[in-house]
Amino acid sequence: MAWQFPPFLLLHTVVCLAMAWIGVTAYRNREIAGSGPLFLLAAAVAVWTLGGAVHIARTDFLGQVVFGNLTYLPIALVPVLLVYFAEAYTGRRTPLTRHGPLPLLVVPAVTQVVVWTNPLHGLFFASREITQSGSLVTLTVEWGPWFWVHGAYSYVLVAVASYYLLRTLVISEDVYSWQAAAILIGVFTPWASNALYIFGVLQGPVDTTPLAFSVTVVAFLVAIYRHRLLQLVPVARELAREELMDSLGEGVFVLDERGQIVDCNQRALGLVGGERRVLVGEGLSAVAPDLATELDELDGDGGDEPCRTEVSLRRDGTLRYYDVRVTDLHRGSGVLSGRLVSLRDVTERRQREQRLNVLNRTLRHDLRNEANVVLGYAELGQQKHPDAEWLASIQDHVSDMVDLSEKARQIEQALDEEHVDTATVSAAAVVDEVVTDVAADHPDLDIGTDLPASAPVHAVELLDAAVRNAVENAVQHNDNPAPLMEVAVSVTHEGDTVSITVADNGPGIHAEEQAVLLRGRETQLDHVSGLGLWMINWIVTKSGGEIEIGENDPRGSVLTIRLPAADGGDTDTDERRAEARTDEGAAGAGRAEAVADETGAGAANASSEGGSS
């Protein structure tokens, strides 16, 4: 028995020991997904490298044949273990493992039998002989037909595993992309070296694959100790995504750049019918043509902002409405790779909104008409009974009903997302206009103001309605006589916030009403009397602001409206507001004439009815 020890055997030894260390590290972290296959994979590579070293060290024919044959056990197992490692690491199952590991082990098992019985048939090695290459004794071989079957099978498995690892590299970011890159380098290098050696590109006396595993060692050590391979793996994230998709209350389609379905959840399957295995790979235009047509009409690349639309689809013979949200999916490099389409069933909400709109408009219209008729009767009665206080009370209450109808209209405008825009307005100018109007209606009241020259804010165009209701609330609910009423309005600008403060010395806002406004909903026991405070709340909230209600000293309340400050001047916006104010004044005059006509008609009807009775 003779031995030889060429210098590169030292590298074999280092690779073998390093792979053994990677296997031990994986075993110590065996609770982490992928650590089990990695342990077996590292052990197989270590045995491969060790067997190859002993094969090279022997100089006799029998020694080289025996240890050469022994290396083909790990050589045949490494591709299978690599597939299982890729599955465990990425969380993606391949069709190859659907029936367990036994089908994958058929070719490796046959290979072992063919290798050890080769002298009988020569299917794996057509010939083997000892040759002298300088000072190195090597075994020169010619491959038989089964070797190429074994090789092709191994390369197919390696290609499948590499595909899933490459997919993780492309779609992942941060630590996972670095992990996948290191693993791919460690996988690709030895198999590329093996292919070059087999096809004669790399000329040498020995197989260079075990030496190329030195790159694998470095790559895996970097992945483990630099990028926490055995601490963080993407499989948990993939499983969480799948569970999240199936638990969503929305139907979700994942489309590639060609519009083909690559994934969908259970609710999406219920929308279009069919099974996931049938739908995946189909174009959305073939599965849901109405939805595909609607998506084609949307803008192409919406950037970071998702696109939204509404579609109607027939489901079980019933027309259903869906709120559709389309989000572009980008790879780590920023390249558009597909779209995420989610559909939320809004049929009930849409039908409810339609019913509420009809009821709301009908109620407001009928309420105003009936109120005008009552006012007509009250005016007619007051002409006959000028000293009747109850007639004046009727007029006050009916006027409140008309004001309530107008507030309902303003609230409807405030909540209409399609027709109310956020703009830059001057809080100081709004407050000045409102105070001037309220003071004109209450000449005996002196409303104090503390206003800066300019205080631009981002708010909806109905901000003046919120401020008007705040000031009118402070005046109308003040129980002090006019000379003792105190109402003050101020505007302050601090940092990114502009505050509008309305203070009074009235009875204050009840704690129950404050609680209702702060939690944003009413109960059967707690409610807000009137719509004014609700209007303030909704308009301010829609403007991105908030309200705060406190107590005044020694008596009364302090209502503060905080809004996001806007940069720059507001001259253009003020001009538009002035024009809008002029238009509103003209429209208000027109409405007043219409109300007068209705009142006259109501009075005439009352007169004729009184005459007939």
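Report every pair of residues separated by at least 6 positions or lying on different chains whose Cβ atoms are under 8 Å apart, first residue within segment 244-256 and farther than 15 Å from residue 344 by Cβ and open to solvent by 30 Å² or more (accessible area, probe 1.4 Å), second in a helix (DSSP H, G or I) and modelled with pLDDT under 75.
none
Return the pairs, sorted by first residue and then second, in which the second residue is open to solvent by 40 Å² or more (accessible area, probe 1.4 Å) and of a type in the set (A, V, I, L, M), the first residue lies in segment 273-298 and is closer than 20 Å to residue 320 by Cβ and in a helix (DSSP H, G or I), the beta carbons are less than 6 Å apart, and the residues are 6+ apart or on different chains.
Final answer for the pair search is 287/272.
Name the residues in segment 69-100 that are open to solvent by less than 20 Å² (accessible area, probe 1.4 Å) and under 11 Å from residue 161 (Cα atoms), would you?
79, 80, 82, 83, 85, 86, 87, 89, 90, 94
Conditions first: (1) out of contact with any helix residue (DSSP H, G or I) (no Cβ under 6 Å at 6 or more places or on another chain); (2) in contact (Cβ under 8 Å) with a residue 60 or more places away in the chain; (3) not in a helix (DSSP H, G or I). Residue 87 passes all but one, so which condition is the exception?
Just one mismatch for residue 87, condition (3).
Of (1) surrounded by fewer than 16 Cβ atoms within 10 Å (Cβ to Cβ); (2) of a type in the set (Asp, Glu); (3) at pLDDT 85 or above, residue 316 satisfies all except one. Which?
For residue 316, the exception is condition (3).
Of all residues being free of Cβ contacts under 8 Å to residues at least 60 places away in the same chain and more than 26 Å from residue 477 (Cα to Cα) in segment 367-386, which is least open to solvent (accessible area, probe 1.4 Å)? Just the residue, please.
381
Go through segment 109-123 residue by residue and tally those that are under 21 Å from residue 210 (Cα atoms) and open to solvent by 10 Å² or more (accessible area, probe 1.4 Å).
Going through segment 109-123 one residue at a time, the tally reaches 1.
Determine whether residue 123 is under 21 Å from residue 195 (Cα atoms), modelled with pLDDT of 95 or more and assigned to a loop (DSSP other than H, G, I, E, B).
Yes.
Can you name the number of the only condition in (1) at pLDDT below 80; (2) open to solvent by less than 50 Å² (accessible area, probe 1.4 Å); (3) more than 30 Å from residue 274 (Cα to Cα) that residue 337 fails?
Evaluating residue 337 over (1) at pLDDT below 80; (2) open to solvent by less than 50 Å² (accessible area, probe 1.4 Å); (3) more than 30 Å from residue 274 (Cα to Cα) leaves (3) as the failure.
Within segment 172-207, which residues are within 23 Å of residue 156 (Cα to Cα) and open to solvent by 60 Å² or more (accessible area, probe 1.4 Å)?
185, 188, 196, 199, 201, 202
What tally of residues in segment 387-433 results from selecting those that are open to solvent by less than 50 Å² (accessible area, probe 1.4 Å), touching a strand residue (DSSP E or B) at 6+ places or on another chain (Cβ under 7 Å) and at pLDDT below 80?
Total meeting the criteria: 2.
Condition check ((1) β-branched (Val, Ile, Thr); (2) in contact with a His (Cβ under 9 Å, 6 or more places away or on another chain); (3) part of a helix (DSSP H, G or I)) across all residues:
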{"site": "44", "(1), (2), (3)": "no, no, yes"}
{"site": "62", "(1), (2), (3)": "no, no, yes"}
{"site": "78", "(1), (2), (3)": "yes, no, yes"}
{"site": "96", "(1), (2), (3)": "no, no, yes"}
{"site": "100", "(1), (2), (3)": "no, no, no"}
{"site": "103", "(1), (2), (3)": "no, no, yes"}
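With the structure loaded, tell me whether residue 526 is modelled with pLDDT under 50 and outside any loop (DSSP other than H, G, I, E, B) or whether it fails that test.
no
The values are calculated or read from the model by the stated rules, or taken from the named source; none is laboratory data. In this text the structure is predicted, and so the values were computed from the model without any measurement. Cβ: placed from backbone, ideal geometry, glycine included. Neighbour counts: every protein chain shown. Note: areas computed on protein heavy atoms with side chains; ligands, DNA, RNA excluded. Shrake-Rupley method; radii C 1.70, N 1.55, O 1.52, S 1.80 Å.
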